[in-house]
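> Have a look at this one.
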Amino acid sequence: MDFEHPVWDGKTVIEEEAVKAGLRLSRITVVLFLEDSFNPAFGFDIPNSTVTVVGTADSRFSFTAKADIGYSVAGVIALWAENPSAVPHTLHVASDTMTYGEVRDLLSKTYGREFKLVTEDADEYRKKALAEIPKPGEDILGNLLLYLRLLHANGVGDHSVNHNELINPGEKYWKWKKNAEYIEETKSA
C-alpha cells in the first residue's frame, strides 16, 4: 500500500511491539470477509442488479469466509506445534478469488437476471479516498471501505497465490467456502 490508514497502521504497531518483546508470530491475512461483501458498499448492489468496480472488470480480489479464517487459525496453531520453522511470518488465505466480471456473471446466473457492470475511474476514486483519511479522534472505520475498494483496483486484494495448501492440504480438514455456494445459500435472505 502506498497510503496510510489508522486501522492498518495500528496493526503494524502491534506487530512491531510483539517482535520487540521477542515474540515470534505469524500474521494471517485475508482481503474481504465473504459474509460481509455482497452489498453496495463493496460495489455489489443486488436489489438493483448492479456491480460497480473501481478500475477494470478484470481486477481480481479474494473473499474469505469467517469460518475458513477460524479453521485457518487452528491449522496454523497445529503447524506451529508440529514445526514452527515451517510456518511463514505472513500467511495469505482465501476461500475464493474472482474478478468483478466473474462475480457479475455469477450473480446473473444465480439470480436469473442480468447484472450490469459499472466502472469508476481508479485515479478519481483514489483522490476521493485519500481526501477522506480520518483525523485523530474521527471514526477510523467509517471510510475503511473506500480504501478496501481502492486496494482491489490496485491488485492488492488478489490472494489467489496463498498458503491454503500449507494450512489445509487438498482440503483434507475442511472445504473452503466458495462464492457460488454462499450466494446460493443467501439469495433469498
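The values are calculated or read from the model by the stated rules, or taken from the named source; none is laboratory data. What you see is a predicted model; the values in this text were computed from it and never measured. When we count neighbours, we look across all protein chains shown, and the Cβ atoms used for this are built from the backbone with ideal geometry, even at glycine. What goes into the accessible areas is simple: the full protein's heavy atoms, side chains included, and nothing from ligands, DNA or RNA. Shrake-Rupley method; radii C 1.70, N 1.55, O 1.52, S 1.80 Å.
> Where both residues lie in the stretch 49-188, what percent of DSSP beta bridges are antiparallel, nearest 5?
Values: 4 of 9 bridges.
Bridges in the stretch 49-188 are about 45 percent antiparallel.
> How many nm is it between the label spots at ASP123 and TYR173, if each spot is 7 Å from the Cα in line with the beta carbon?
According to this spin-label approximation, the distance is 4.6 nm.
> If you take the Cα atoms of the stretch 1-125, find Rg, then find the Kirkwood Rh from the mean of 1/r over all pairs, what is Rg/Rh? Provide the component values of the computation, followed by the final result.
Working: Rg = 18.2 Å, Rh = 17.0 Å.
Rg/Rh for the stretch 1-125 comes to 1.07.
> Using the heavy atoms of the protein chains alone and a 1.4 angstrom probe, what is the accessible area of the stretch 1-107 per residue in square angstrom?
I get 48 Å² per residue for the stretch 1-107.
> If you take every residue apart from ARG104 with its C-beta less than 12 Å away from the C-beta of ARG104, what net charge results, scoring Lys and Arg +1 and Asp and Glu -1? Please report the intermediate quantities before stating the final value.
Numbers: positive: LYS109, ARG113, LYS116; negative: ASP45, ASP58, GLU102, ASP105, GLU114.
The answer is -2.
> Ok, one more. What FRET efficiency comes out for the pair LYS116/SER160, r = Cβ-Cβ distance, R0 = 25 Å, nearest 0.05?
Numbers: r = 26 Å, r/R0 = 1.02.
Once rounded, the FRET efficiency stands at 0.45.
> Need the full-extension length gain, THR50 to GLU17, defined as separation in residues times 0.36 nm minus the C-alpha distance. One decimal, nm.
Numbers: separation 33, 0.36 × 33 = 11.88 nm, distance 4.34 nm.
Stretched out fully, the THR50 to GLU17 stretch lengthens by 7.5 nm.
> By the scheme Lys and Arg +1, Asp and Glu -1, what is the net charge of all other residues having a beta-carbon under 15 Å from that of LEU79? Walk me through the numbers before you get to the answer.
Working: positive: ARG24, ARG27, LYS172; negative: GLU82, GLU165.
So the surrounding residues net to +1.
> Please work out how many pairs of lysine residues in the chain are eight or more positions apart (or on different chains) and have Cα atoms closer than 21 angstrom.
Taking the chain as the scope, the lysine pair count is 16.
> Let me ask something additional. Would you mind finding the longest exposed-site-free stretch of the chain, with exposed trypsin sites (Lys or Arg not before Pro) meaning DSSP loop and at most 14 other Cβ atoms within 10 Å?
Numbers: sites that count: ARG24, ARG113, LYS172, LYS175, LYS187.
That would be 25-112.
> At a 1.4 Å probe, what is the % contribution of carbon and sulfur to the accessible area of the stretch 14-90? Mind showing how you got there, number by number?
Details: 2360 of 3890 Å².
Of the solvent-accessible surface of the stretch 14-90, carbon and sulfur hold 61 percent.
> Right, something else. Applying a 10 Å radius around every beta-carbon, put 13-19, 71-77 in order of their mean neighbour count, most first. Provide the component values of the computation, followed by the final result.
Working: 13-19: 11.6, 71-77: 18.6.
Output ranking for 13-19, 71-77: 71-77, 13-19.
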